[in-house]
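Report on one structure; see the data block that follows.
The values are calculated or read from the model by the stated rules, or taken from the named source; none is laboratory data. Computed from a predicted model, the values in this text were never measured in an experiment. Positions of Cβ are backbone-derived with ideal geometry, glycine not excepted, and every protein chain shown enters the neighbour counts.
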Amino acid sequence: MGRRCAWVAPVPPGTYAGKLLEEVRRANPQVLGAAISATAPKAAAAVVVAATEPATVGAPADPADLAASRNGATTAVPNAAGDRLEVRLPLRDVSGDTVGALRLSYTYRAGADRTALEHNAEGIRDRLHRRISHAGNLFDPYPYEPGAPSNTYAQQLVDEFIDRYPDIEVLAIHVTPPDSDYNIIAGSNIGRLGKKADNDDMRCVFTGKPNLEVNSTGKRFESELQLHDRAGNVIGAVGIVVAYKNGDDKRALHARAEKLTAELEEEDSGLGQLVWSGQNLGNQRGCRHRDGSQPGRSVAGVHSGASSDSVLCCRGRTELPGYSGDLRSLRRRSSG
């Protein structure tokens, strides 16, 4: 007799947490049910932000889920009927801070070994940890802007680099789509696809001066750098965030980001050609050569990349929580 397959309800769309659970459901058919609970920014209590059971979304978080988040330990308990194992785990962000709870349900029979199911749940949780910037990120709309595609070459590169380099906590690629005047996030490991660049992002794109940030918790350092295609055309910017602690060498962390950016620019397929729907952004609006000029159009007052001794520009504001730009006196070390 064939194995019976349990029907799994679709995850309600609309939030980034929902998108993450949808990916969990597709990649792990053995998971019968799932829920993410977290506390929204400025909210007083945790709620179910995403679940395979639509009716539970928005409801107060299960006390057992809250206990897993609070205690920081994995628990595995059969349900009342004894036919499912409910595994509850603390859910963490890219820095390892707890941002909520993850509950996963598996088929179970009394006396069965729970170890394999617990390990599977922990593996799923650890993969999600690489995709969450902070608790509020889970409540972000998905897509961030209606109609923003998720199958760009930029997203493919982000996924590959996140897997290849565990030290990268956040990676986001900004480009200008064809027939658009707006530079947006075309690929990232924390969602926000389609989010428009702010003035600080665009200053990096137009001037070539990197934006550097240390967040208020002292746990992250970001370098945002101008991004070029293989022909040298400026096509946008890339933000790279790594772990940081007081006393770390900021210059070395920024140099690391420069090497990663150069590697992105040298991908065999040609970033400028495939970063957005397989089209060459080097000839689209918003793209400029290293000398500051735009193909087919003269742009006055746009400077090329920063000189070797230029002051590195620090953002005054950012979407990431707590970033303030405390590196105003840092200068780039001469390559000579």
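Here is a yes/no grid of residues against (1) part of a helix (DSSP H, G or I); (2) β-branched (Val, Ile, Thr):
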| residue | (1), (2) |
| --- | --- |
| Met202 | yes, no |
| Leu212 | no, no |
| Gly218 | no, no |
| Ala231 | no, no |
| Ile240 | no, yes |
Within the stretch 12-45, the count of residues that are over 22 Å from the mean Cα position of the chain (by Cα) and part of a strand (DSSP E or B) comes to 3
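So that you can scan it fast, the table gives a plain yes or no per residue for (1) closer than 16 Å to Arg220 by Cα; (2) acidic (Asp, Glu); (3) outside any loop (DSSP other than H, G, I, E, B); (4) assigned by TED's automatic domain parsing to the domain that holds Ile132:
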site	(1), (2), (3), (4)
Asp163	no, yes, yes, no
Pro166	yes, no, no, no
Ser180	no, no, no, no
Ala186	no, no, yes, no
Of the residues in the stretch 106-124, those that are out of contact with any Phe, Trp or Tyr (no Cβ under 9 Å at 6 or more places or on another chain) and without any contact (Cβ under 8 Å) to a residue 40 or more places away in the chain number 10
Filtered residue count, the stretch 36-91, keeping only those that are in contact with an Asp or Glu (Cβ under 7 Å, 6 or more places away or on another chain) and crowded, with 18+ Cβ neighbours inside 10 Å:
4
Taking the stretch 99-135 and keeping residues of a type in the set (Ser, Thr, Tyr) and surrounded by fewer than 18 Cβ atoms within 10 Å (Cβ to Cβ) leaves Thr107, Thr115
Would you confirm whether any residue within the stretch 157-169 is in contact (Cβ under 8 Å) with a residue 12 or more places away in the chain, touching a Ser or Thr at 6+ places or on another chain (Cβ under 8 Å) and of a type in the set (Phe, Trp, Tyr)?
no
